[in-house]
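One structure is given below, encoded as structure tokens.
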Amino acid sequence: MAQGSGRKPLVAEKRYSAGGKGKPSAAKKPARKKPARKAKPKKTGLFGLFFRKKTRAKPAPKKRGFIGLLLAPFVWAFRLVWGFSWRVGMVVCLLVGLAVALQYAKLPEVSAYLDGRARGSVTLLDRKGDVFAWRGDQFGGVIRADTVSPHLKNAVVATEDKRFYRHFGISPRGVASAIRINLREGRGPLSGHGGSTITQQAAKLLCLGRVYDPDEWKSESAYEADCRKGSLWRKGTEAIFALAMEAKYTKDEILSIYMNRAYMGGGAYGAEAAAQRYFGKSANQLNPAEGAMLAGLLTAPSTLAPTNNLQRSQDRAATVLRLMQEQGYLTTAEMQQNQNAPAVLSEAAAARAGGYFADWVMDSIPDFLGDQTTEDVVIRSTLDQRLQGAAEEALKYIFENKVRPGSKAQAAIVVMSADGAVRAMVGGRKTRVSGVFNRATQAKRQTGSAFKPFVYATALELGYSPYDRVLDAKYCMNIPGSGQWCPENYTRKYYGEVTLARALRDSLNVPAVKVSEAVGRDKVSIVAKDFGIDSDLAAGPALALGASESTLLEMTGAYAGILNGGSSVTPYGVTELKLVNDSDALMGASGGIGERVIRPEAAQQLVWMMEKVIAGGTGKRAQIPGWQAAGKSGTTSAAKDAWFIGFTADYVAGVWMGYDDNTPLSGVTGGGLPAEIWRETMVRVHEGLDPKPLPMLEPAPIAPPPQETRRERRRRQGPQLGKELGRAVDNILRDILGN
């Protein structure tokens with residue numbers, strides 16, 4: 001069709017540009033854009049994951065002003081440090097997380113951490129079954145934070161870690177505060193305050209999960225010292241262990257571990273043992289004042305223990321009560337009420353650890369059941385706490401009223417039954433002590449005249465009578481290697497012919513030596529040893545005057561043998577020993593009455609003689625109103641030791657007095673202050689008891705010789721006079737005539 005025709009253009013023709021005619025040429029056809037290929041990421045390792053560069057579209061450079069140019073180096077440095085720090089931080093977090101996970105896997109159930117003592121405990125009961133002392137590592141039983149007294153729980157949190165229920169095991173704020181305090185007080189940043197949380201302290205108590213191994217540590221002390229190290233590395237491992245504990249246990253379980261394992265002074269491990277030790281009650285019964293006192297001990301348990309210094313412990317508890325009030329656990333009125341009525345010790349706690357008697361009992365049992373026990377042991381003893389108090393009061397009374405102020409003289413007392421059961425023991429003037437020198441059991445001193453009853457016991461056993469006579473006059477002996485020895489009486493006088501009873505009553509030395517030599521000093525030694533005096537006895541004639549050494553316990557036990565009718569006695573303090581929760585006893589009584597030494601009649605006659613000592617002899621100051629008593633005083637040479645030992649029908653008591661360094665006593669004899677201590681003790685011991693007669697036997701009097709008539713005397717004297725007259729004549733003739 002011709003172009004010039006007037007037809008309308010086709011619709012398809014309109015698809016092309018208005019200026020063009022016909023189909024567009026191939027050159028003008030637009031090119032199809034291919035999609036851009038995505039760059040494949042390069043394979044990288046762990047290092048590249050953190051440190052490869054990221055491709056970012058660079059923004060158009062901005063024009064920097066003068067300030068921007070100045071800040072540019074600092075911005076660049078900050079970006080460099082920040083980039084390095086967060087990457088290192090990520091690595092550290094991964095490593096810490098791995099360490100925590102490994103530690104978490106090792107943690108046992110919480111019950112395994114509630115009692116971690118290396119040693120067991122020893123609980124001592126008196127004769128009535130009441131607790132009077134503790135030894136070893138005392139553990140009263142498991143307590144839990146959800147059942148213990150809320151006052152104790154709140155006091156521990158308020159004192160040790162007030163953010164305990166809000167942190168994750170570590171308190172950065174607490175660490176920073178501790179470092180600030182340490183630096184302000186002139187110490188190193190890690191010296192002094194540690195800022196440790198309760199969780200960290202529990203981790204330290206657990207020694208980071210390590211148990212004592214004797215092959216690894218020389219001793220338990222070395223093990224404990226290693227557990228308490230405070231190096232930077234140790235702090236780090238402690239933090240990891242604390243984080244693992246927070247992941248494994250609940251907050252109350254962690255607090256339970258802490259309150260069960262913490263040492264609270266006085267040998268008490270854990271809050272239950274401390275509550276029983278100091279207050280005689282369970283930890284779930286503590287009031288705010290008592291809870292505050294126990295929480296206050298955690299800072300310095302040995303120093304702040306109320307048995308060491310009650311006032312200091314109460315002052316610390318007042319501070320804890322203030323912290324509890326500040327943190328909302330107590331109202332102001334409750335705080336003031338408990339500060340005005342502070343906690344006090346129970347009677348058993350006031351007696352400390354049982355004093356000299358408990359020490360002696362612990363020394364008398366095997367170590368593996370005593371100080372080194374790994375089990376919890378209960379010992380029932382012979383102690384009578386009423387009699388113990390009587391002896392302590394008597395000693396205090398005499399030294400306060402009869403001894404010059406400032407005197408360093410010491411004294412000891414033993415009270416026992418006739419069978420050797422020790423009822424009371426005082427080993428020195430300071431009675432509220434433990435683990436010190438016991439003068440009743442450890443001090444060996446010369447016995448002096450207190451030994452004389454065994455001389456007369458030997459004589460009576462051999463058939464002598466208390467009415468037999470001996471001449472008290474100047475008497476000398478030649479001792480091989482020593483020369484002449486002449487014993488003298490204390491009064492430096494002689495009394496002529498005296499009975500054995502009077503010689504003992506007035507403590508005459510010459511008659512005692514003569515009787516000992518007459519019966520044989522070897523026999524005297526045998527009798528004394530059989531009565532229980534185990535010390536080495538003197539071999540010479542001075543044996544009769546008490547030149548040998550002995551302990552007060554031995555001497556008192558020997559006198560108990562005289563009282564019980566002449567049988568030996570082994571003093572004892574243990575009646576039963578068994579393990580906790582065991583019904584069968586491992587040990588029974590450790591002593592008692594043994595074999596007979598002298599006949600009952602001889603023992604009863606000796607009691608009769610010794611009764612005269614107190615009734616009218618050297619022991620008159622020991623008289624007990626309304627009671628028969630028998631005994632004997634003793635004073636050694638130069639008055640270095642003074643004794644009085646005696647008995648009633650119910651009890652035997654012995655008293656020793658002297659200086660630890662053997663300084664002579666000034667104006668003191670056995671019949672003086674020791675006799676008065678004995679009397680004051682026995683008066684208190686016998687309060688409320690009905691008087692009983694002594695088991696004594698008065699000997700039959702010796703019949704006087706028959707009277708001679710005058711004729712019989714002349715007959716007897718006649719031949720004698722004749723002989724004497726003949727002898728005189730012979731002498732005269734010999735003089736005149738010579739031999």
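The values are calculated or read from the model by the stated rules, or taken from the named source; none is laboratory data. These numbers were taken from a predicted model, which means no experiment stands behind them. Note: ideal-geometry Cβ built from the backbone for every residue, glycine included; neighbour counts use all protein chains shown. All accessible areas refer to the heavy atoms of the entire protein, side chains included, with ligands and DNA or RNA removed. Shrake-Rupley method; radii C 1.70, N 1.55, O 1.52, S 1.80 Å.
Hey, what do the phi angles of the range 331-346 turn into as Karplus ³J(HN,Hα) couplings, whole Hz, using 6.51/-1.76/1.60 and θ = phi - 60°, x for Gly and Pro?
These are the phi-based 3J(HN,Hα) values: 7, 4, 5, 5, 4, 5, 4, 7, 5, 7, 10, x, 5, 10, 6, 6 Hz.
Diagonalise the Cα gyration tensor of the range 73-127 and give the resulting equivalent ellipsoid semi-axes, square root of 5 times each eigenvalue, largest first, whole Å. Let's see the in-between values first.
Details: eigenvalues 574, 48, 8 Å².
The equivalent ellipsoid of the range 73-127 has semi-axes of 54, 15, 6 Å.
What is the extension gain from Thr331 to Ser219, computed as 0.36 nm multiplied by their sequence separation minus the C-alpha to C-alpha distance, in nm to one decimal?
On the way: separation 112, 0.36 × 112 = 40.32 nm, distance 4.77 nm.
Full extension from Thr331 to Ser219 adds 35.5 nm.
Could you compute the FRET efficiency for Arg312 and Ala77, with r as their C-beta to C-beta distance and R0 at 41 Å, rounded to 0.05?
After rounding, the FRET efficiency stands at 0.15.
Full extension from Lys229 to Tyr467: what is 0.36 nm times the residue separation minus their Cα-Cα distance, to one decimal in nm? The partial results should precede the final answer.
Numbers: separation 238, 0.36 × 238 = 85.68 nm, distance 7.74 nm.
Here the segment from Lys229 to Tyr467 would lengthen by 77.9 nm.
Using a 7 Å offset from the Cα along the Cα-to-Cβ direction at both Ser535 and Arg596, what is the distance between the two label points in nm, to one decimal?
Placing both labels 7 Å along Cα→Cβ, they lie 3.0 nm apart.
Given R₀ = 60 Å, FRET efficiency for Phe437-Phe168 by Cβ-Cβ distance, to 0.05?
On the way: r = 53 Å, r/R0 = 0.88.
That gives a FRET efficiency of 0.70.
Quote the Stokes-Einstein diffusion coefficient, in whole µm² s⁻¹, for the range 368-459, based on the Kirkwood radius over alpha carbon pairs, a temperature of 20 °C and a viscosity of 1.002 mPa s. All intermediate terms of the calculation are to be shown ahead of the outcome.
On the way: Rh = 16.0 Å.
Answer, rounded: 134 µm²/s.
Amide H neighbours of Arg596 under 5 Å, at least 5 residues apart or on other chains, H built in the peptide plane: list them.
Ser568
Taking the solvent-accessible surface of protein heavy atoms with a 1.4 Å probe, what is the per residue accessible area of the range 509-614 in Å²? Numbers along the way, then the final one.
Details: 3790 Å² over 106 residues.
About 36 Å² of surface per residue is accessible.
Work out, in µm²/s and without decimals, the Stokes-Einstein translational diffusion coefficient of the range 310-433 at 10 °C, 1.306 mPa s, Rh from Kirkwood over C-alpha pairs.
On the way: Rh = 18.1 Å.
In µm²/s, the coefficient rounds to 88.
Give me the number: length gained by fully extending Val96 to Met477, i.e. 0.36 nm times residue separation minus the C-alpha to C-alpha distance, one decimal in nm.
Numbers: separation 381, 0.36 × 381 = 137.16 nm, distance 9.12 nm.
Working it through step by step, the gained length comes to 128.0 nm.
How far is it, in nm, from the label point at Leu69 to the one at Asp660 when both lie 7 Å from their Cα along the line to the Cβ?
8.7
How about the range 209-241: which GluC sites (Glu not before Pro) there are in a DSSP loop, with at most 12 other Cβ atoms within 10 Å of their Cβ? Walk me through the intermediate numbers first.
Numbers: sites: Glu216, Glu220, Glu224, Glu238; in loops: Glu216.
Taking the range 209-241 and a limit of 12 other Cβ atoms within 10 Å, the loop GluC sites (Glu not before Pro) found are Glu216.
Using the Karplus curve 6.51 cos²θ - 1.76 cosθ + 1.60 with θ = phi - 60°, work out ³J(HN,Hα) for each residue of the range 637-652 in order, rounded to whole Hz, and write x for Gly and Pro.
Calculated HN-Hα couplings, in order: 4, 6, 6, 6, 9, 10, 10, 8, 10, x, 7, 10, 5, 9, 9, 10 Hz.
Work out from phi, with θ = phi - 60° and the Karplus expression 6.51 cos²θ - 1.76 cosθ + 1.60, the ³J(HN,Hα) of each residue of the range 464-479, listed in order in whole Hz, and give x for Gly and Pro.
Listing the rounded values in order: 5, 10, x, 8, 4, 10, 9, 7, 9, 8, 4, 8, 10, 9, 8, 9 Hz.
I want to check the label-to-label distance for Asp363 and Ser583. Put each point 7 Å from Cα in the C-beta direction and report it in nm to one decimal.
Placing both labels 7 Å along Cα→Cβ, they lie 3.7 nm apart.
Restricting the calculation to Cα positions, tell me the Rg (one decimal) and the Dmax (whole number) of the range 268-367 in Å.
So, for the range 268-367, Rg and Dmax equal 15.2, 53 Å respectively.
From zero up to wherever the largest Cα-Cα distance of the range 550-642 sits, split into 10 Å bins and tell me the percent of pairs in each.
Per 10 Å bin, starting at 0, the Cα pair percentages come out as 14, 31, 31, 15, 8, 1.
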